Amino acid sequence: MRRLWLVFVVLLILSLLQAEDTFPSKPLTPNLIDIPGDGGNNVYISWKHFATVPGIRYDILRYTTGKDYDKHRSTDEAKFEVITPLQVKTQLPVLEDEPYNDLSTYDFYIYTQSQENDVPKVIAVKLTDENRDSILALGAQKIVRVELEVPPREILDEIPNIFGEGAYYLILPDTLKANVYRPKSVAENVWEFYWSDLPYEGDLSLELKPSQKELDFIDKGVQLLLPGEIEQYYLFKYGKRIISLVTDSVRYTVKYDNISFLQRSSEENPIYPDSHYIYKVCLVQTWKPIKKVFMDSDTVGITPENEPPIIPNTLTALYDSTNNELVLRLSYSGFLNNIKTLFDNVSYSFYKAPEGMETMPVEEDSIEEESTPIGELLIKVSSTWKAVKLNDIKPNDNIFLVITDTIGQTTKSDFIPFNPVTAESLILPPNIIARDKSNDGGDQAILVWDYPELAVRYSVENPTPNLRTENVQERKLYWIPAQDGSLIEISDTIGLEEIPYEAQEVVNIIYPIPLDKLNIRVVYEMWSNEDDKALYGEFRFNDKRKVDKEYTGEMKFENIQPGTYTLIGRIVKKSGGLLKNPESKVEIEIPVNKIIATKFDKPDYYYAIYRGTDPEDLTTFRFVGKADGTDREFIDDFGDWKDAKGEFYYIVQVIGPSYWVARTEPLGPVHIKGNWFNFSKLPIFFAVFIFVAVALFFIYHIKKGREFYVRPIAGIVHIDEALGRATEMGRPIMYVAGLGWIGDIATICSLTILGKVASKAAEYQNRLIVPCYDPIVMIVAQETVKNAFMDAGRPDLYREEDIYYIAAAQFAYAAAVSGLMIREQTAANFFMGRFYAESLILAETGASTGAIQVAGTDDMTQLPFFLTACDYTLIGEELYAASAYLSKDPMQKGSLKAQDYLKALEMLLLIIGVAAATSGIYWFTNIFKAVGTE
Amino acid sequence: MFWKKQLPLIIVFMMGLIMTVQYFIPHHVSKWVYVNYVDWAIVIAIFGAFLGYFSFLRVHITRIRKKTSNWVFSIITLASLLIMIVFALIDGKGSDSLFQNMFLYTSAAINATVFSLLAFYISSASYRAFRAHSAQAVALLLAAVIMMLGRVPIGDKISFWSAWGIPSINTVSQWILNSPNMAAKRAIALGVGLGSLLMTLKIILGIERTYLGN
């Protein structure tokens, strides 16, 4: 044992000594950006992390100065504070020594061009007779080696490392040439154009030869390429990204990850406009197991400002001259789209300029809107609106937008040019209402609209794959990727010279051929809301009825002979009946003679939902979400019931495929309140009520002294047998109460059985060991065993040190208990309670020691292990029953009797359900289904 | 006696009733009660942990003092406990802290080792269970063979009879899982559900008092 202890200490010391005393490279100075158009409280931090830099984490640090922040702290106390840590992925070092690493036989040269505020640009070129003098004059060095993996540390340290910009790829035709001749397969719907009489509609698979362009590219040999120099397809197929380009004296590392972080003002790390902040990043490196090194970058400062609002860069106006209606779309695109959530815009106001004003006066920008009337205000909405529609607009009206931000700064757009369109005929959904959501905590509103609809698509398929491959090389067909998959055929009028350079010759065409019997796959969707109470679809195909009770949204009709069949679909309600409205029924003729697939006919419009507090003031209406055209409801979740206090109104916009708009008037008012009973749980409530009533009935009668027969439980008699055997052998008993905590039913039952076991152990004067997983269970177990020993009249035999806590770690506990069984040679082991993966480890170890073992658990996944490795097992509810059976309390036995009767009731319900479902009656099972789906 | 017997029973009765009713009430007040209840349970469990550590220390210190067999292991156990506490105090518990590294490279590795023993125990347990010593054991053995073959690709390859419309080994193994096995599992699940409900009722009504240590 002493040797083992020494080995442990020596290993620990060695591991500490092995920590390398190497420092990571200095990180690059971060680049700071003040987000434009915001309230001056966001900073974007970014920098480059090069692949050859070791490190596991960057810490972003900030030193704060400035009037607002320094109110709370003196300058002396100010220091750099960690804003956030960012983990980085470090590539594992690889010692690369492949033929492709060596570029010394090629004339590739490298030089750098400095860039302002950034790493230099690395330029690699192939030396030719034409460029030789000019390239060498720039001080270019010959590249002798490229690295596609990060080399080990000792190789990195051999020569200086320069970080540069240049996403180079090494093209290796010799080693990767095999890829060229691998047949390429593309799926294209071109068949109909050439062979329209085939029993198949859909994409064909074309097997293609490489194009002449690809073959010529391969023939160029080894190349160093930037992404823009060739199509990405070639780059990824034949190239690999270079990490470092190495000359005799310098390593140029060119592969890096852009690390960035958007710091938003928060309570812990506030950002105030016009305050100055200084940032740096710290690279953290850990040498396993415990050594850490840090390296800081240079510092950089920023003063965020509250800039005026930014006009949406995709502000468009769709004008229908027939109705004199104008739809204005307000959205940001590109970079602005990524940062639009940071803008502090408050409202959009659309004005009509006075007649005669030809251009927008520039000097009025950023002036308080209220103080400078600049035209006729047409509409003012909150800045969350996606689109607005204006009526009575004349073609020569000049419309412009004014955006206001949180501190009243404004920005005006130029006059918005009109795009003449024809208005889309958008229809507002019928029956639209907004109301408080039922059965919730008072933090949700719901909007419902329209009638329930059943949408169906189907496909006719072969039961097993039946593909035909047809060689079409004789036809000289060429596939042109750039022209979206069209084919060209060499003919009298089209010669080989007219075939595009990138075209690929078609070798084979693959398509399915229908068999004698086909399968029909029906896929459906129910477009409905909670008021419709739709449950699942019911279909009749060729007079064969099928219901989708689990609502998988899919069903299959198999082995259908060719012909034309009718498919009728309906929606089944929770009550078991069918929805009556015509939209909820479909009737389709399906031609079963060729392989075909249809698509859903989904609406091409969507809904935008706005919530407001004043129906007269549109600036109070803020965008809260959108719903698809197939949706029939929208749930507005406030998140917190405190935010849902008061009176709310809703506006729904329908936005068409050409972005035309129609909107409802404000809907409401909606008063949101919490509910005091969840009616969707009513069936559960009734079930619990019935069960409790039956249990109380038996408990009441047994309390009155009435006798009931209680069934015997086979496993219980073996507890006495195990205890007796342990006593005969003079070896201790071990009781394991499982890995559950005191709140688990199985643990409570286990402790009841422990009381019985302890009582017998005291009676037989045997030692009882109870290793515990949970400290509270340990305390209860100690009390239980102590009471049992006292009740048996042998408190002197009680040993508190035998009922102890081991560890709340699963396998640590399993290892400790297994060791205990072996060391103590326990003669009887009890495993009662909740167990997980350690069950077999415990039971098998016990079995190997020859102990008699009794187990009991309600965990179905562990039962097979106990059944296999233990002598007797209490299965599932037998564990609960055993605790009641062992108890001398008559009321416990009354509950056992109630349990038996309730099981009989469950069996009766099961039999009725099976009989009803088999007979095609589903309303009975739907009662239980409705509970399960809530 | 009131503090040790009646008061806990009253608390359990009240809380049991409140939590049962809470399940049917979606109101935010009900959610507030539930969230606070869960928080209390966590706080109480933390106090419980101290009791566990006390017991743990007492057992191992006693072993060292009495120099019982294998008492050196107790020194290692207590040293490990102390080292982890010191590391956590010095360097925190972050992703690259000393504490985390010690956990990953010692405790996690040992846990994985113990877990890997399961593979061998499953083999030895299967060997014992699948011995064909009775009619039931033969049925079990057959089912096991079908299941094992059904889980690997060779099961489908050797099912030459499937060409004549007879179900393949894969199909039969899937049927065993989905029909007889599922039926047995659901029967156990129904019994467990019912037993849990009645046990809960007994606890609320004070009929079951094991958790009080008697």
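Worth a mention:
- For segment A:443-483, taking the residues that are of a type in the set (Gly, Ala, Ser) and in contact with an Asp or Glu (Cβ under 9 Å, 6 or more places away or on another chain), the one that is farthest from A:Tyr606 (Cα to Cα) is identified as A:Ala482.
- Qualifying positions in segment B:97-125 - more than 9 Å from chain A (Cβ to nearest Cβ) and farther than 28 Å from B:Phe87 by Cα: B:Ser116, B:Ala119, B:Ser123
- Which listed residue is crowded, with 17+ Cβ neighbours inside 10 Å, closer than 26 Å to A:Asp97 by Cα and of a type outside the set (A, V, I, L, M), from A:Tyr200, A:Tyr234: A:Tyr234
- Candidates A:Gly856, A:Gly913, A:Gly850, A:Gly819 - the one that is small (Gly, Ala, Ser) and more than 29 Å from B:Leu117 (Cβ to Cβ): A:Gly913
- Test: residue in segment A:620-639 that is at pLDDT below 90 and either touching a His at 6+ places or on another chain (Cβ under 7 Å) or closer than 25 Å to A:Val448 by Cα (or both): yes
- Residue in segment B:89-96 that is surrounded by 15 or more Cβ atoms within 10 Å (Cβ to Cβ), part of a helix (DSSP H, G or I) and of a type outside the set (D, E, K, R) present: no
- Hits in segment A:83-106 - residues which are closer than 18 Å to A:Lys255 by Cα, among the β-branched types (Val, Ile, Thr) and within 14 Å of chain B (Cβ to nearest Cβ): A:Val88, A:Thr90
- Residue within segment B:188-210 that is more than 10 Å from chain A (Cβ to nearest Cβ), more than 30 Å from A:Ala788 (Cβ to Cβ), without any contact (Cβ under 8 Å) to a residue 12 or more places away in the chain and in a helix (DSSP H, G or I) present: no
- Residues (more than 8 Å from chain A (Cβ to nearest Cβ), in a helix (DSSP H, G or I) and surrounded by fewer than 17 Cβ atoms within 10 Å (Cβ to Cβ)) located in segment B:54-68: B:Phe54, B:Leu57, B:Ile61, B:Ile64, B:Arg65, B:Lys66
- Residue match in segment A:434-449 (condition: among the hydroxyl-bearing types (Ser, Thr, Tyr) and not assigned by TED's automatic domain parsing to the domain that holds A:Leu667): no
- Flag for A:Leu768 being more than 8 Å from chain B (Cβ to nearest Cβ), in contact with a Ser or Thr (Cβ under 7 Å, 6 or more places away or on another chain) and buried (at least 22 other Cβ atoms within 10 Å of the Cβ): no
Let's see how each residue does on (1) part of a helix (DSSP H, G or I); (2) touching an Asp or Glu at 6+ places or on another chain (Cβ under 9 Å); (3) surrounded by fewer than 19 Cβ atoms within 10 Å (Cβ to Cβ); (4) free of Cβ contacts under 8 Å to residues at least 40 places away in the same chain:
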site: A:Thr861; (1), (2), (3), (4): no, no, yes, yes
site: A:Leu867; (1), (2), (3), (4): yes, no, yes, yes
site: A:Leu908; (1), (2), (3), (4): yes, no, yes, yes
site: A:Val914; (1), (2), (3), (4): yes, no, yes, yes
site: A:Asn926; (1), (2), (3), (4): yes, no, no, no
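- Counting only strands (runs of 3 or more DSSP E) that sit wholly inside segment A:389-466, those with at least 2 residues that are of a type in the set (Ser, Thr, Tyr) are A:410-412, A:453-461.
- Selection count where residues are in contact (Cβ under 8 Å) with a residue 60 or more places away in the chain and surrounded by 13 or more Cβ atoms within 10 Å (Cβ to Cβ), scope segment A:91-117: 7
- From the list B:Val12, B:Val35, B:Val29, B:Val21, the lone residue that is more than 11 Å from chain A (Cβ to nearest Cβ), surrounded by fewer than 16 Cβ atoms within 10 Å (Cβ to Cβ) and of a type outside the set (D, E, K, R) is B:Val35.
- Meets criteria (aliphatic (A, V, I, L, M), farther than 21 Å from B:Ile61 by Cα and within 10 Å of chain B (Cβ to nearest Cβ)) for A:Val777: yes
- Boolean, A:Ile875 is facing chain B (nearest Cβ under 8 Å), on the phi < 0 side of the Ramachandran plot and touching a strand residue (DSSP E or B) at 6+ places or on another chain (Cβ under 9 Å): yes
- Condition check for A:Pro308: crowded, with 20+ Cβ neighbours inside 10 Å and either aliphatic (A, V, I, L, M) or away from chain B (no Cβ under 14 Å) (or both): no
- Contact map, segment B:97-112: residues that are part of a helix (DSSP H, G or I) paired with residues that are exposed (fewer than 14 other Cβ atoms within 10 Å of the Cβ), Cβ distance under 6 Å, separation 6+ or inter-chain. Pairs shown: B:Phe99/B:Lys93.
- Among the candidates A:Tyr659, A:Tyr735, the residue that is among the aromatic types (Phe, Trp, Tyr), in contact with a Lys or Arg (Cβ under 8 Å, 6 or more places away or on another chain) and either closer than 28 Å to A:Leu751 by Cβ or in a loop (DSSP other than H, G, I, E, B) (or both) is uniquely A:Tyr659.
- Boolean, A:Ile822 is within 30 Å of B:Gly191 (Cα to Cα) and of a type in the set (Val, Ile, Thr): no
- Selection of strands (runs of 3 or more DSSP E) fully inside segment A:474-581 by the criterion of at least 2 residues being surrounded by fewer than 15 Cβ atoms within 10 Å (Cβ to Cβ) returns A:486-489, A:544-547, A:554-560, A:563-573.
- When segment A:823-843 is filtered for residues that are over 15 Å from A:Tyr813 (Cα atoms), touching a helix residue (DSSP H, G or I) at 6+ places or on another chain (Cβ under 6 Å) and surrounded by fewer than 24 Cβ atoms within 10 Å (Cβ to Cβ), only A:Ala827 remains.
- Residue within segment A:399-415 that is out of contact with any helix residue (DSSP H, G or I) (no Cβ under 8 Å at 6 or more places or on another chain), touching a residue at least 40 places away in the same chain (Cβ under 8 Å), surrounded by fewer than 20 Cβ atoms within 10 Å (Cβ to Cβ) and within 30 Å of A:Tyr511 (Cα to Cα) present: no
- Taking the numbered list (1) small (Gly, Ala, Ser); (2) more than 13 Å from chain B (Cβ to nearest Cβ); (3) not in a helix (DSSP H, G or I) in turn, A:Gly724 passes all entries but (3).
- Residue match in segment B:41-53 (condition: more than 9 Å from chain A (Cβ to nearest Cβ) and more than 28 Å from the chain's Cα centre (by Cα)): no
- Residues of segment A:681-695 that turn out to be crowded, with 17+ Cβ neighbours inside 10 Å and facing chain B (nearest Cβ under 7 Å), as a count: 4
- Members of segment B:2-20 that are more than 28 Å from the chain's Cα centre (by Cα) and without any contact (Cβ under 8 Å) to a residue 40 or more places away in the chain: B:Phe2, B:Trp3, B:Gln6, B:Leu7, B:Ile10, B:Met14
The values are calculated or read from the model by the stated rules, or taken from the named source; none is laboratory data. Quantities reported herein were computed from a predicted structural model and do not represent experimental measurements. Note: ideal-geometry Cβ built from the backbone for every residue, glycine included; neighbour counts use all protein chains shown.
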